[in-house]
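Before any comments, here is the structure.
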Amino acid sequence: MLIMAESNLTPLYRALSRTSMETIEDFSRSINPPRMKRLSSCNSIECVDPVTSPSAEARVLVINTGGTIGMTLHDNVLAPKANAFVKQMRKLPVVHDELYAQQTRLYDYYGSENTLVLPLSKDNKRIIYTILEYKPLLDSSNMTTDDWGRIGKDIEKNYENYDGFVILHGTDTMAYTASALSFMCEHLGKPIILTGSQVPIYEMRNDGRDNLLGALLIAGQFVIPEVCLYFYNKLYRGNRVTKVDAGSFNAFSSPNLAPLATAEVDITINWDTVWRANTTAKFQVSTELNRNVGLLRLFPGITSATVRAFLQPPMEGVVLETYGSGNAPDNRLDLLEELKKATDSGVIIINCTQCLRGTVSASYATGKVLMDAGLIAGGDMTPEAALSKLSYVLAKKDLDLAAKKKMMAQNLRGEMSADLAGAKLCLSDSRFIQVIAKSLSISCKEELEAIRDALTPPLACAAAKIGDKEALEAIKEMGGNLFLGDYDGRTPLHIAACEGHLELVEYLLNHGATVYAKDRYGDTPLCNAVRFRHKEVVKLLRKTGAHFSRDKLEEAGTELCSLAASGDLEGLKIWSLAGADLNETGYDGQTAIQVTVFDGFNEYDDDDDEVN
Ligand SMILES: NC(=O)C[C@H](N)C(=O)O
């Protein structure tokens, strides 16, 4: 018997399946939609577990740039080994399920042997990952800004085909690349996770296998729209980390920000900490970077000649690593004069502390003199983040110096802590939560948080259903997240998209909602807006970067043919607006255009419906 999970089906078929599963099985046998090609062409289809059906699959692109994880010994020193990584992965059952790959004809379907599949995850997900290996593979000490640009471009090119991205990278400069990518990736909506190892994956005892596995599981299962770094069971914000240990598996630290996730018995995501683009703008990568930037570390007795030489043209931006909370000698007028001369001539100088933890402030006279010399306080940014931010900001040709300075002082991607004066309402300040907590005899913070997290998603969904923006604002004020899903994984954005509440959809997108959220049926807000034919919502979601998955696009052929057969021009328009291709074939190999034999089809070329 052909086994087909409910979520394999297009919404139309799924609706049918709710009335009769048997009918749908007959139906599915007869339609054999294209998405089923990979499974239906398999000889031993009965062996495929229903929970491993393609609908529970996520796709991750692994970009292998090099690093110790893929190194071997040559002449007694470690260096990257080309064309060996995928072969090694295929031998490790913990990172590749060969049986499933054979049963589902994975290699034929993806047209390459570089696509592998993880064993079934605890949450019944299959993570299918394709490895793109760079030539040459690099020790990360050899990385330059051009390599950051190449990674950025590859992510941009493949953005719509994958749910998440993993970058294999050497640890030595991983914090720099992670920081740079966090700025270069504008309006990011999907996870990008850098990882690597301290011991090559080819060795018996290594940390590469666990690091890769953790990064893949997170990238494939959680919509964390950040550039992150995963190492030694922890997921960090990429622009908050620094390498602190050359000889330990626990090589990275994020001194000023708690991890975004921990992978212990369970993977626990700290959703409150996750940074969101809060935008309706589409993802793009800015690969323009300014190389005339540098790091200068203060030390007792540094000469003004050294400082002067460092600040000479073509230098345009400098991170000055100062003492303690941002201090420098206030009795060294010669030094201060050099700094002032440079800022007066347009060099941007950022004041960052040499301390691992803590922030720059003007609480000492020795700190205030730097402000007076025109330096910009770098808050609690790491020097790696400050340097790559300078490189990114200085390359913005359409901004003048004042705008660039302003941008440097702003928090762009969660790289610096916000001013505490603007902090959100404390959980325990919320009367609503307090009243409920009281009636349940709850008082500790963790229990309050648990109540909030259980109650706010359905409340927010209810508010979204009736288009009540004020209620959503109130939920947000009491510390509730508007991007979490209810028991069915349906987020307020799904509901608002179903109802066609355009203003609410926009509000949600500007307050943390993600267009990539999938409910338990695998549907995104875009699928919902199409189904309920809300054209303006579809346009807005598309503008924000929403797109159908590859599976959905393949399934769409049959749906489009049936719309064409019934002469449903409006239906065809909305599918097309959402990105479906009218040339996609249906179950019988025909396209919607071929099926279409109705008048006025040319009306379809309606300029209003163009999506850019
Ligand atoms: N552990 C490592 O990956 C160190 C190596 N030298 C690199 O950064 O490429």
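Readers should treat all values here as calculations from the given coordinates under stated rules, not as data from a laboratory. Please read all numbers here as calculations on a predicted model, not as lab measurements. Methodologically, a virtual Cβ is constructed for each residue, glycine included, from the backbone with ideal geometry; neighbour enumeration extends over all protein chains shown.
Taking amide H positions as modeled 1.01 Å from N, with prolines and chain starts lacking one, the residues under 5 Å from Ala58 and 5 or more places away or on another chain are Arg126, Ile127, Ile128. At q = 0.12, 0.22 Å⁻¹, what is the base-10 log of I(q)/I(0) for the range 293-420 according to the Debye formula with one equal point scatterer per Cα and no solvent? Please give it to two decimals. Listed by q, the Debye log ratios stand at -0.39, -1.41.
May I ask you to list the lysines whose Cα is less than 19 Å away from that of Lys476, ignoring any residue fewer than eight positions away on the same chain? Reachable lysines: Lys424, Lys445, Lys465.
Remark: for residue pairs Lys469/Lys518; Lys469/Lys535; Lys81/Lys404; Lys397/Lys573; Lys282/Lys406; Lys81/Lys397, the C-alpha separation exceeds 31 Å in Lys81/Lys404; Lys397/Lys573; Lys81/Lys397. Taking the average, over residues, of other Cβ atoms within 10 Å as the packing measure, peptides 197-210, 392-405, 165-178 rank 165-178, 197-210, 392-405 from highest down. Under 5 Å between amide hydrogens, built in the peptide plane, is the criterion, and for Leu295 it picks out Val319 among residues at least 5 positions away or on other chains. The protection proxy used here, the mean number of other Cβ atoms lying within 10 Å of each residue, ranks peptides 547-558, 301-312 as follows, highest first: 547-558, 301-312. Applying the Karplus relation 6.51 cos²θ - 1.76 cosθ + 1.60 with θ = phi - 60° to the range 166-171 yields 3J(HN,Hα) values of 10, 10, 7, 8, x, 7 Hz, where x marks Gly and Pro. Sorted from longest to shortest, the spans of the Cα atoms of the range 50-285 along the three principal axes equal 53, 45, 35 Å. Here the chain carries DSSP beta bridges of which approximately 40% are antiparallel, counting only pairs with both residues inside.
Protection proxy ranking, highest mean first, for peptides 518-525, 529-536: 518-525, 529-536, where packing is the per-residue count of other beta-carbon atoms within 10 Å, averaged. With +1 assigned to the C-beta of every Lys and Arg and -1 to the C-beta of every Asp and Glu, and no other charges, what is the dipole magnitude of the chain about the Cα centre in debye, to the nearest 20? For this selection, approximately 1460 debye. The shape of the chain can be summarised by an equivalent ellipsoid whose semi-axes, obtained from the alpha carbon gyration tensor, come to 45, 30, 24 Å from longest to shortest. Would you mind checking the tilt of helix 333-344 against the longest principal axis of the Cα atoms of the chain, expressed as 0 to 90 degrees and rounded to 10? Its long axis makes an angle of about 40 degrees. The residue among Val538, Asn233, Pro191 whose Cα reaches farthest toward the positive pole of the charge dipole of the chain, with charges on the beta-carbon of Lys, Arg, Asp and Glu, is Asn233.
Think of the range 427-543 as a dipole: +1 on every Lys or Arg Cβ, -1 on every Asp or Glu Cβ, centred on the Cα centre; then among Pro525, Ala463, Ala513, Pro525 lies furthest on the positive end. In the range 427-543, the ratio of gyration radius to Kirkwood radius, Rg to Rh, stands at 1.03 when only Cα atoms are counted. Estimated from helical segments only, the mean residue ellipticity of the chain at 222 nm is -11000 deg cm²/dmol, where each DSSP H run of four or more residues counts as -39500 (n - 2.57). Estimated at 0.36 nm per residue, the fully extended path between Gln594 and Ala79 surpasses their Cα-Cα distance by 179.8 nm.
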